[in-house]
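Only the coordinates and a few stated rules stand behind these numbers; no lab work does. Since the structure is predicted, the reported quantities are computational estimates derived from the model, not experimental observations. Cβ placement follows ideal geometry from the backbone for every residue including glycine, while neighbour counts extend to all protein chains displayed.
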Amino acid sequence: YFKTIQDLQVSAHLLIKRDGSIIQFVPFDKRAWHAGMSNFNGQDNCNDFSIGIELEGTDNLNYEAVQYQSLKTTLKQLKDHYPVQNIVGHSDIAPGRKTDPGE
């Protein structure tokens with residue numbers, strides 16, 4: 001999918017589909033284009049220092065329980081390999097521009 005929109009410079013490391021299956025688009029040691037114009041704890045360009053995990057859905061469609069289970073499992077695995085300091089949503093790093101994951 002991301003190859004078809006590569007000129008837009010958007011991507012993510014992982015996509016968790018509605019059925020809970022996971023697709024990896026970008027290796028974790030490479031930069032993905034998931035955060036856009038962003039700032040967290042005074043640091044701009046969150047793409048430079050973060051791993052992007054997208055959940056398939058929209059603002060008007062709740063995520064599935066199986067997606068949350070896959071996310072939980074994935075985060076546990078990532079913690080074994082990377083120092084996890086913060087887990088944040090798009091709305092935390094790009095307020096006013098992004099609304100996910102929501103309340």
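Numbers for the structure displayed
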| item | result |
| --- | --- |
| Answer residue from the range 14-73, given it is free of Cβ contacts under 8 Å to residues at least 12 places away in the same chain and small (Gly, Ala, Ser) and is farthest from HIS90 (Cα to Cα) among those | ALA65 |
| Among (1) in a strand (DSSP E or B); (2) over 16 Å from ALA12 (Cα atoms), the one test that VAL84 misses | (1) |
| In the range 69-93, residue farthest from LYS17 (Cα to Cα) [restricted to those that are touching a Leu at 6+ places or on another chain (Cβ under 9 Å) and surrounded by 14 or more Cβ atoms within 10 Å (Cβ to Cβ)] | THR74 |
